[in-house]
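The structure appears below as C-alpha cells.
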Amino acid sequence: MTQTGDGTVGKALDVLEQVAAFGRPVRFGEVLDGARYPKATLYRLIQTLTSQGMLSYDPDRQTYAPGVRLVRLAHAAWAQSSLAPVARPYLDRLSAEIGETIHLAQLDSAQVLYVDKRNAASPVEMFAQTGKIGPAYCTGVGKAMLAFLDEAACERAIGQQSFHRFTGNTLTAAADLRAELTAIRARGYAFDREEHEAGIICIAAPILTDTARVLGGLSITSTTTRHDLQSLERLAPKLRETANRIAADATAWRFPDLAITKRTGT
C-alpha cells in the first residue's frame, strides 16, 4: 500500500488501493485487519468512498468492491495516459509477424505496469498480464526502461527495488543491476535471462521521445523451449523499429503542438 502524508485524500486513496488489491469483494473486517488507520477512521473513509461511487457496497453480502465511478475514471486514464491506444496497431502487427508474446509496459513508482499484451500463436502461462504490476530489476522491459532514465531518476528507482530472488538468475544487488543497465544502454535493448520466471526469456527495448525521455517499454517474450537469447536477439531490429514508431505516434498524440512545429519547421 502506498505510504503518503497527503492528509485525508491520501488516506482515502490508500484505502481504495487496499480494497482493490484483494481482487474480490471484501468485508470491512478484512480491510481493517491490514489497515494502518483506527477502526473509526477506516470506517469513515470507506463510507466517503462509497458515497462518492469510488467503492460499491453489497448489503446482502456486506462486502465492498471498486465502484462504477472508479471504473469510469480508470477508463479515462487508460485512454489519456496509457500508451495502449497509440501502440495497439503496432502491437498487432508485430505479434502477427513474429508469433511470440508482446508486452507493452510503463513505469509506475519504479515498478513495471503492464498496459497491453498480445499472446503468442501458442500461448504460455506467465506472470505478466495487462494491468499487473511487476518488478523492474528482473524483467527485460523493466530494465530497458530503468536503463534510459536520467541518472537521478535511475538511482531513485534502483533504491526502490526489492531485489528478491525469484530464480537462480535474478539480480539481487544494486551494483549488479547498475552494471547490467550500463550494458543495456550500450546495446540499446535488454534481456530477461529467466530472471523473474524459470523458462521465460525476453528481449526488450525502451520507448523514448526525441529528447530521450522514457515513455515506456516493449518486449518480445518467449520460452526456453522455443527460443534462446541468440535467436531472440535476431528480432532486435523489428523490436526497436516498433518501439520507435510507437514513440513517434505517442509524441504527436501527447504533444500535438510540438509535432506540428517539427513538421513545419517553424
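Here are some notes:
- Multiplying the residue separation of ARG36 and ALA74 by 0.36 nm and removing their Cα-Cα distance gives an extension gain of 11.2 nm.
- Ordering of 65-71, 150-156, 114-120, 200-206 by packing [mean C-beta count within 10 Å, highest first]: 200-206, 114-120, 65-71, 150-156
- Between ARG226 and ARG27, the FRET efficiency estimated from the beta carbon spacing at R0 = 45 angstrom works out to 0.50.
- Under 5 Å, built H, 5+ apart or other chain: amide partners of THR63: ASP58
- If R0 is taken as 25 Å, the Cβ-Cβ distance between ALA20 and HIS164 corresponds to a FRET efficiency of 0.65.
- ALA179-ARG93 FRET efficiency (beta carbon distance; Förster radius 30 Å; 0.05 resolution): 0.30
- Mean separation of Cα pairs under 8 Å and 6 or more residues apart, divided by the residue count, gives the chain a relative contact order of 14 percent.
- Order of HIS164, HIS227 under a 10 Å beta carbon neighbour criterion, fewest first: HIS164, HIS227
- Ranking of LEU55, LEU73, LEU13 by count of other Cβ atoms within 10 Å, fewest first: LEU73, LEU13, LEU55
- Structure-derived semi-axes √(5λ) of the Cα gyration tensor in Å: which label, when the choices are [x] 35, 19, 16; [y] 35, 23, 19; [z] 32, 22, 18: [y]
- Sorting the segments 57-64, 176-183 by their residues' average number of neighbouring beta-carbon atoms within 10 angstrom, most packed first, yields 176-183, 57-64.
- Here's the picture: charge each Lys and Arg Cβ at +1 and each Asp and Glu Cβ at -1 in the chain, and of GLY53, PRO89, TYR37 the one pushed furthest to the positive end of that dipole is GLY53.
- Put simply, the amide H of LEU55, placed in the peptide plane, has neighbours under 5 Å in THR50, GLY67, leaving out anything fewer than 5 places away on its chain.
- Each stretch of four or more DSSP H residues adds -39500 (n - 2.57); spread over every residue of the chain, this sum gives -14500 deg cm²/dmol at 222 nm.
Computed from the coordinates by the stated procedures, all read-outs in this text should not be read as laboratory data. From a predicted model like this one, the values you see are computed outputs, not experimental measurements. Because the Cβ atoms are built from the backbone with ideal geometry, glycine has one as well, and the counts that use them run over all protein chains shown.
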